[in-house]
1. If each residue of separation counts as 0.36 nm, what is the full-extension length gain between residue 208 and residue 178 once their alpha-carbon separation is subtracted?
2. Give me the angle, in degrees from 0 to 90, between the Cα long axis of helix 173-186 and the longest principal axis of the Cα atoms of the chain, rounded to the nearest 10.
3. Out of every Cα pair in region 128-214, what percent are spaced more than 15 Å from each other?
4. Subtracting the Cα-Cα distance from 0.36 nm times the residue separation, let me have the gained length for residue 168 to residue 41 in nm, one decimal.
5. By how many degrees, 0 to 90 and rounded to 10, does the Cα axis of helix 74-83 deviate from the longest principal axis of the chain?
6. Along each of the three principal axes of the Cα atoms of region 3-126, give the extent in whole Å, ordering the values from largest to smallest.
7. Stokes-Einstein diffusion coefficient for the chain at 10 °C in a medium of 1.306 mPa s, Rh from the Kirkwood formula over Cα pairs: what value in µm²/s?
8. Quick one: Cα convex hull volume of region 60-156, Å³ per residue?
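Read the figures in this text as sums done on the coordinates, not as results from a lab. None of these values were measured; they are calculated from a predicted model.
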């Protein structure tokens, strides 16, 4: 399974007086990528170039040289994302020209090194497939449900206590079938699974980080 950048990170390198500022961040969609590009173009409006690359999935990736010679910027950034097996991740490299031409070889090395440097500072999470499940059950079954969730290492995110108990939790795909079988074999009339959705994401600090819902 791929990893993804969790958070936003920045680094800077200098090559022959040209500054290369790299920003790495997780994104969930093409629109997220466009928003990030727009943000830094406004924030760093005096920069000479803002090259970038992002990968959402195996067949959804894009890069841009932003006016640099073809092959010297965007593809160099993309190589770093691919080498780290990163999905839902983006790197921008902002260049401030220092007055000395680097040549295509020098530019390629500089953009590659800038992207590499920010990834060295970045924090990654490993992705996995989960199911988000919502169930409702009577108070008589609370101990049983709680035992099953612990047994399969589920993450409980929300509990609502009313006439019955409504519970929202996440379970890894590999344990999903066993848990559903266990619940259904117990009492389907008093334990109602009213929604379930397959999601790509990760668990960090007892919180679920959602990347994408999977359409079955």
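1. 8.7 nm
2. Relative to the chain, helix 173-186 is tipped by roughly 10 degrees.
3. Result for the distance tail: 56 percent.
4. Going from the current span to full extension adds 41.7 nm.
5. That helix lies at roughly 40 degrees to the long axis.
6. 40, 28, 25
7. Estimated diffusion coefficient is 81 µm²/s.
8. With only Cα atoms used, region 60-156 gives 144 Å³ per residue.
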